[in-house]
Structure formats: structure tokens, C-alpha cells
Amino acid sequence: MAVQGHASAAGLTVMKVVFRADASLAIGTGHIYRCLTLADTLRSRGGECHFICREHPGNLLTLIRERGYPVHSFAVPADAPVGDVLAHAQWLGVTQEQDARDCAPLVQQLCPDWLVVDHYALDAHWEGVLRAHCGNLLVIDDLADRTHLSDLLLDQNLGRTAQAYQGLVPDHCVVLAGAQYALLRPEFAQLRSYSLQRRSRLAGVRQILVSMGGVDLPNATAQVLRALRDCGLSADSHVSVIMGSTAPWIERVKALLQELPFSGEVLVNVRDMAQLMANSDLAIGAAGGSSWERCSLGLPTLLVTLADNQLPGAQALHEAKAARWLGGVADISQKLAPALTEVSTTLGAFNLSAAAVCDGDGAGRVASYMLESA
């Protein structure tokens, strides 16, 4: 369907967008963060954005409101399943049918030009209820494992093609596939030139960035720090550890940093991630959405997969020599040291391969499509 637009107080046409996404200790924070990135891009072009979320433990409702967006939230039943690892279908805390019934009156009231859904627990069943209340439907997915009723589908995985969604989306659906559509904040594109120029002069690894996601339930960060302690890094090396405020292991990680033979710090809820990445020589990180941020700046990375859905992206980056995949958390202690030596001696090649993956302008490309589809 075409975008209809809403009249503003000044008489201008404003595109209204509603996002349905969640964050929690089990889900992590990546779905919300990439939706916020797209929302920021749309707002910079005159769009009006709202969020619908459930109040899971570890939610980011406060952050979304701090970024200036209205949030409409629903409670999670007291008997909802919890745990370190939940099946995607359990991530809602309710059935798809219940979530659709909760969301439908609100979406009908807001009558958005675009409904954006970024949730592994939702598929065509949920979308069928909400589809009549929006102009267009955008689904953000990484899995290609279920059907959708979308007009537009975004899968930002490296190597992903539209072919993966054949038979899963309507014939009219446009599929934007590949890392060139990765939803990155504008500062990554802005710092790309600086970062690549800085790397052209690097002779070794001194500044290391460790980022295992906003939650890091398995405490992969601790495994990384223990491995780095015994890697023989020079005394003037420095480790910056990035964590979210809902991460349960922050104090343990701070204690481990004191045991390192070089300096380190824990940074919580950072606002300048692009600058931190640009000023780092090497990253050790989870194979999630941050992979594309690192690539846009040509930052070599030792990747760790924390969930099965991260496997395709990690494998693709490894095969493209844009990162070195270590495996899962259990592999860190044995594989980090030799991988660090390998990457340190071939920094230039890793820099160039990573930078070739994406340029940081994906959010602009997606926003342009949404705006131009009227």
C-alpha cells in the first residue's frame, strides 16, 4: 500500500511510523537499538515515530523515552517463562494471538503509514491481525525461517540474498538484503574516513575494545579478559570493555580488570561507540549487529557467537576475512591467543576486508525507500 502521510500542525505531511520490538535479559538489546537507529534517521527526515514494547526484565523503555520517542508498553504475565536462553516463541511472554490483540487497538488508533516489526517471536499470524491497521509493513529479520505478510523486508546479514525469502513473503514484497542495508547510526559513516586513515598507519595492537552485547548473560566478557591476561600483550596496552546498564556481571568484570597486567576500564551505556571503535586497534565482540558497525570503520574483530542466530553472520564474516571467528564462549580460552597473534600480524588485510563489507549508510538507504514508496 502507498504511504498516506499525516497532516502536522503546520499543514505539512508527516510520515508516522510505529515500531514493535522488545529488549530483555534473554532477547538482548540489539533489536531495540537498530530500531532506534532507523527511527532517528526517519525523524531527521520529518517522520514521527512511536514504539510498542513489553515490560520484560532488562527492557529499554527508559532509554527509548530519553531518545524522545513515545513508548506504549504492555505488562508481561507473572508466569511468563524466564531464563538465560529461551526459544524465540517464548520471547513475548504471551502468545502471538494475545500480543496481536493487545497491539491492535493502539495501532488502529495511531494509523501509521509504516508498521515496523523486529521480533523473532512474531510472524504472519501476528501480522495478519495488524496488517489492516497500517499503510505498509516492514519486517526486520535475520533468520529467514518463517512466513511474513510484509511489503518490505530487511535482512542486513552479509551474504544474504532475496532468494532466502522466496516463498516466505508475498510476491509484491521488496527484500533489502545484505550488509549494505545495515542499520547504523550516522556517526559511523561520518568517522569512516578518519578510522580507515588511522588504520593505514597502525603497526600493532595496543587499544583493544571488548563488547559482548548489552546484556552478556553467559559472561563471555570474563572469559575474554582471562584469556587476554595470558596473551603476553605489552604493558602499554589498554582494554575498554563496553557493557549495558542491565548487564548482570558488571562488578565481576571490573574486578577482573584489576588483575590484568595492563590498563583497562568498563564503560556503561556509551554514547560515542563510533569514536571508541575508530580509536581502537582491534575488537573482541559478539557476532551481532555491532559486527556491521565495526566493519564500517574497518575495525578487525575476533568474533564470538553467543546465540545460534549469530552463526550465519559470523561464518560469512570469517569467510570474507573481515573478522576471525573464534566459535562460542567455550572456545575463547583456547582460541583467543593464537587468533590475536594471527590478526596482529595481518592487520592491514583485515582492515581492508572489514571496510569492504559496508559503508555505514544502510539506515539512510532503508529510510529513503520507505519515504519514496508513496
ask   = Of all the residues that make up the range 329-342, how many are open to solvent by less than 80 Å² (accessible area, probe 1.4 Å) and within 16 Å of Ala314 (Cα to Cα)?
value = 5
query = Where residues in the range 343-368 are assigned to a helix (DSSP H, G or I) and open to solvent by 50 Å² or more (accessible area, probe 1.4 Å), which of them is farthest from Glu319 (Cα to Cα)?
reply = Arg365
query = Just wondering, is there one or more residues in the range 293-304 that are open to solvent by 60 Å² or more (accessible area, probe 1.4 Å) and in a helix (DSSP H, G or I)?
reply = no
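Looking only at the range 106-122, count how many residues are acidic (Asp, Glu) and either free of Cβ contacts under 8 Å to residues at least 12 places away in the same chain or under 26 Å from Gln90 (Cα atoms) (or both).
The first filter runs over the range 106-122 and keeps only residues acidic (Asp, Glu), leaving 113, 118.
Checking which are either free of Cβ contacts under 8 Å to residues at least 12 places away in the same chain or under 26 Å from Gln90 (Cα atoms) (or both) leaves us with 118.
Number satisfying all stated conditions: 1.
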query = Which numbered condition trips up Gly159, out of (1) touching a residue at least 40 places away in the same chain (Cβ under 8 Å); (2) at negative phi; (3) over 14 Å from the mean Cα position of the chain (by Cα)?
reply = (2)
query = Got at least one residue in the range 120-127 being modelled with pLDDT of 95 or more, open to solvent by 10 Å² or more (accessible area, probe 1.4 Å) and farther than 23 Å from Leu36 by Cα?
reply = yes
inquiry  = Looking at (1) more than 26 Å from Arg192 (Cβ to Cβ); (2) open to solvent by less than 20 Å² (accessible area, probe 1.4 Å); (3) in contact with a helix residue (DSSP H, G or I) (Cβ under 6 Å, 6 or more places away or on another chain), which one does Leu257 not meet, given that it meets all the others?
reply    = (3)
key: strands (runs of 3 or more DSSP E) (entirely within the range 144-254) containing at least 3 residues that are more than 27 Å from Asp281 (Cα to Cα)   = 152-155, 174-177
request  = Check whether at least one residue in the range 86-99 is in contact with a strand residue (DSSP E or B) (Cβ under 9 Å, 6 or more places away or on another chain), assigned to a helix (DSSP H, G or I) and of a type outside the set (Val, Ile, Thr), and report yes or no.
outcome  = yes
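The values are calculated or read from the model by the stated rules, or taken from the named source; none is laboratory data. Please read these numbers as outputs of a predicted model, since none were measured by experiment. Using ideal geometry, Cβ is built from the backbone for each residue, glycine included, and neighbour counts are taken over all protein chains shown. Quick note on the areas: whole protein, heavy atoms, side chains included, nothing else; ligands and nucleic acids left out. Shrake-Rupley method; radii C 1.70, N 1.55, O 1.52, S 1.80 Å.
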